[in-house]
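Following: one structure in structure tokens, then a few remarks.
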Amino acid sequence: MVAAPVGVLALQGDVREHVAVLSGLGVEVVAVRTEQQLAAVAGLVIPGGESTTIARLLETSGMRTLLSERLRDGLPVLGTCAGLILLSRSIVDGRDDQWSFATIDVDVRRNGFGRQIASFETTVDVDGVGEVPGVFIRAPKIESWSESVTVLATHDHGTGPTPVLVRQGAAWGCSFHPELTDSSAIHELFLATI
Ligand code: GLN
């Protein structure tokens, strides 16, 4: 039984798609747009989209401080693509003023697998799960990480394998877009930890 409700940060990006996957799994979902909603969730998905835009909207909506506190207190969180960038400890090729929550000890390079034109689909082998489809769209590349990070899947884009699904405590980071495929395996993995 998953603690409820599970939130999807609904400022920009693939909000509807994540809500649809979670609802399809029978979970009570809330699209989080306010501090009150954020305060009430038992877990949170930060979707893909544009990390600079989501960061700016976190500030204008007043949610940055509360989300930072909730993450520090161990709120279960799944950050996909732009969401992973927001959870990372540092960003290479970010905007000069780009900040992140530093929830997961990974250093990511924005658009590290190439720009929009280099977006691709592949199969990702996830520890304990097996093969899942991986849609990479201007995806962040994890270039370094600390020992406290568990790597659950890697992808080799020609320069050697790099992590594409990681976990550190209650925080999960995924370079690709699990909400854009028929597989709900990544969401199920996350939900099992809420
Ligand atoms: N490259 C985008 C960013 O920096 C992320 C792309 C995505 O979420 N599909 O925010």
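Key figures for this structure:
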| item | result |
| --- | --- |
| Global geometry of the stretch 57-194, whether rounded, prolate or oblate, following the gyration tensor of its Cα atoms and the 1.5 cut on a/c | oblate |
| Cut-off 11 Å between beta-carbons: net charge of the residues surrounding MET63, Lys and Arg +1, Asp and Glu -1 | 0 |
| Value of relative contact order over the stretch 111-189, rounded to a whole percent, pairs C-alpha under 8 Å and six or more apart | 27 |
| DSSP-defined beta bridges in the chain - what % are antiparallel, rounded to 5 | 55 |
| Dipole magnitude of the stretch 32-148 about its Cα centre (Cβ charges: Lys, Arg +1; Asp, Glu -1), debye to nearest 20 | 400 |
| Residues with amide H under 5 Å from that of GLY13, placed H, sequence gap 5 or more | none |
| Cα gyration tensor shape for the stretch 116-194, rounded if a/c is under 1.5, else prolate or oblate | oblate |
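Read the figures in this text as sums done on the coordinates, not as results from a lab. Predicted model, so just to flag it, every value in this text is computed and none were measured. No Cβ is skipped: glycine too gets one built from the backbone with ideal geometry, and neighbour counts run over all protein chains shown.
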